[in-house]
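Participant: Please find one structure pasted underneath; my questions will follow.
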Amino acid sequence: MSGDKIYAYGVIEADSIDVSIDGVEGTSDVYTVSHRTHAAVVSDIDTLDPEESDENARAHDDVLRAVMTEGDGRAVVPMRFGMVFESERALKNVLRNSRAELTGSLRRAAGHEEVGIKVLLPEDGIEDADSVRESIETGLADHAADVADGDLFSDRLLLNNSYLVERDDRESFDDAVDAVREAHPDLTVQYSGPWAPYSFVDFHIKAEA
């Protein structure tokens, strides 16, 4: 390994990975740094403060998705964008000190992935918006292990939720989203994912040198 700083994407159970994907700042070498039962997914970087550009943010998510879906799939505890460590030793210290938290988070993430749903109203709105929202939420929640409410940052947003979905049950959740579209053709349904489960097992720490 070079003497560069280390950018961390997330944590998996101790394992090697075999993904071919560009990471943050265009790096082409994504690998793992392990400590006992856990391994951080990382790449080398030459700055402590990577630019939070659309390209870098997308690369961060793409690496996590590639690792999460490799082979038969694996649990990933994501780190937020921008986690940079001065050395492997500093990163291993975090893995050691956070062992219990990581073990619990990986257990919760096992076999699951996050998807996002935004439902937008037409410009002239709809009648009974609250009851429509409740009906949609109930129908989707029946096919998810958990749900996290997002901000309604626009007057046209009827729903902005993240769902923790069992990987083996993803098809039934897809069907539930299709049912929403069919039942409410006047609404715009934006469906995204799969994502690492940021909304449910986010591991957010302060990087230590």
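The values are calculated or read from the model by the stated rules, or taken from the named source; none is laboratory data. On a predicted model such as this, the values are computed, not experimentally measured, just so you know. Glycine gets a Cβ as well: all are built from the backbone with ideal geometry, and neighbour counts include every protein chain shown. For accessibility, only protein heavy atoms count, side chains too; no ligands or nucleic acids. Shrake-Rupley method; radii C 1.70, N 1.55, O 1.52, S 1.80 Å.
Participant: Quick one: if you stick a label point 7 Å off each Cα along the C-beta vector at N93 and D4, how many nm between them?
Facilitator: Modelled inter-label distance: 2.3 nm.
Participant: Return one number: the angle in degrees, 0 to 90 and rounded to the nearest 10, between the long axis of the Cα atoms of helix 170-183 and the longest principal axis of the Cα atoms of the chain.
Facilitator: Between the helix axis and the principal axis of the chain, the angle is about 30 degrees.
Participant: For the stretch 90-146, what are Rg and Dmax over the alpha carbons, in angstrom?
Facilitator: Rg, Dmax (Cα atoms, Å): 19.2, 56.
Participant: I would also like to ask the following. May I ask you to order 156-169, 117-130 by the average number of other C-beta atoms within 10 Å around their residues, highest value first?
Facilitator: Packing proxy ranking, top to bottom: 156-169, 117-130.
Participant: Follow-up. Would you kindly work out the equivalent ellipsoid of the chain from its C-alpha gyration tensor and give its semi-axes, the square roots of five times the eigenvalues, largest first in whole Å?
Facilitator: 36, 18, 14
Participant: Here is a further query. Round to a whole number: what % of the accessible area of the chain belongs to carbon and sulfur, probe 1.4 Å?
Facilitator: Ligands and nucleic acids excluded, carbon and sulfur give 40 percent.
Participant: Using alpha-carbon pairs under 8 Å, 6+ residues apart, how would you state the relative contact order of the stretch 90-209 in percent?
Facilitator: 40
Participant: The stretch 57-152: D in µm²/s via Stokes-Einstein (Kirkwood Rh, Cα pairs, 20 °C, 1.002 mPa s)?
Facilitator: Stokes-Einstein gives a translational diffusion coefficient of 126 µm²/s.
Participant: In addition: Can you tell me which of 71-83, 9-21 comes out highest on packing, and rank the rest after it, using the mean Cβ neighbours within 10 Å?
Facilitator: 71-83, 9-21
Participant: Now for a separate question. Starting from the exponent 0.38 and prefactor 2.2 Å, build the expected Rg for the stretch 1-118 from its residue count and divide its actual Cα Rg by it.
Facilitator: Here the Cα radius of gyration is 1.00 times the empirical estimate.
Participant: Grab the other residues whose beta carbon is less than 13 angstrom from that of S154, score K and R as +1, D and E as -1, and report the net.
Facilitator: -1
Participant: So with the 1.4 Å probe, I'd like the accessible area per residue for the chain, rounded to whole Å².
Facilitator: In whole numbers, the chain has 52 Å² accessible per residue.
Participant: Also, quick follow-up: Using the Cα centre as the reference, give the magnitude of the dipole from point charges on the C-beta atoms of the chain (Lys, Arg: +1; Asp, Glu: -1; all else neutral), rounded to the nearest 20 debye.
Facilitator: Dipole about the Cα centre, nearest 20: 1220 debye.
Participant: In Å³ and rounded to a whole number, note down the convex hull volume per residue for the Cα atoms of the stretch 37-88.
Facilitator: Residue-normalised Cα hull volume stands at 91 Å³.
Participant: Here's another thing I want to ask about it. At L48 and L120, where each label point lies 7 Å from the Cα along Cα→Cβ, what is the point-to-point distance in nanometres?
Facilitator: Label at L48, label at L120, 4.1 nm between them.
Participant: Next question, about the same structure. Would you mind classifying the stretch 114-208 by shape? Square roots of the alpha carbon gyration tensor eigenvalues, ordered a ≥ b ≥ c; an a/c under 1.5 is rounded, otherwise it is prolate if a/b is larger than b/c and oblate if not.
Facilitator: Verdict is oblate for the stretch 114-208.
Participant: Relative contact order for the chain: what percent, with Cα pairs under 8 Å and sequence separation of 6 or more?
Facilitator: So the answer I get is 24 percent.
Participant: I've got another one for you. What FRET efficiency would be calculated for the residue pair E134, E171, taking the C-beta separation as r and a Förster radius of 25 Å, to the nearest 0.05?
Facilitator: According to the calculation, E is roughly 0.50.
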